[in-house]
Amino acid sequence: MQKFIKYFLKNKAVTWLLLVLILAGGLFSYAKMGKLEDAPFTIKQALVLTPYPGASPSEVQFQVTDVLEDCDHDGVAKFLRRELGI
């Protein structure tokens, strides 16, 4: 350990070079570090489109929408439905 210390005391240019490299590496790493304030989260939503050409809104409701709503949907908090006949 004494030889190591004496080497850096005698070779000041090597000491300064090592110090500059360490500081530059630290600044570079700090600049590349992620800075997220909040954890990422996903909003889980689903959209079901059922084209039914020629059907009235009531036909779509009885043959498609009601069937989908009657299925077992674990974890589904809310259904929003709109029937549209085209």
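Just so it is clear, none of the values below were taken in a lab; they were calculated from the coordinates. Predicted model only: the values in this text are computed from it and were never measured. Glycine gets a Cβ as well: all are built from the backbone with ideal geometry, and neighbour counts include every protein chain shown.
Observations on the structure shown:
- Subtracting the Cα-Cα distance of Phe8 and Val48 from their residue separation scaled by 0.36 nm leaves 7.4 nm.
- Calculated FRET value between Asp70 and Phe41, using beta carbons and R₀ = 22 Å, to 0.05: 0.10
- Note on Thr65, Thr15, Thr42: ascending count of other Cβ atoms within 10 Å places them as Thr42, Thr15, Thr65, the fewest first.
- Contour excess over end-to-end distance, with Cα ends at Lys78 and Met1 and 0.36 nm allotted per residue: 20.8 nm
- Options Pro51, Ala24, Asn11, ranked by Cα towards positive dipole end of the chain, top entry (Cβ charges): Asn11
- Listed candidates (1) 2.78; (2) 1.89; (3) 1.17 - label of the one calculated as Cα Rg over 2.2 N^0.38 Å: (1)
- Loop-located chymotrypsin sites (Phe, Trp or Tyr not before Pro) in the chain whose Cβ has at most 14 other Cβ within 10 Å (DSSP): Phe41, Phe79
- Between helix 12-32 and the chain: long-axis angle, C-alpha atoms, 0 to 90°, nearest 10: 10 degrees
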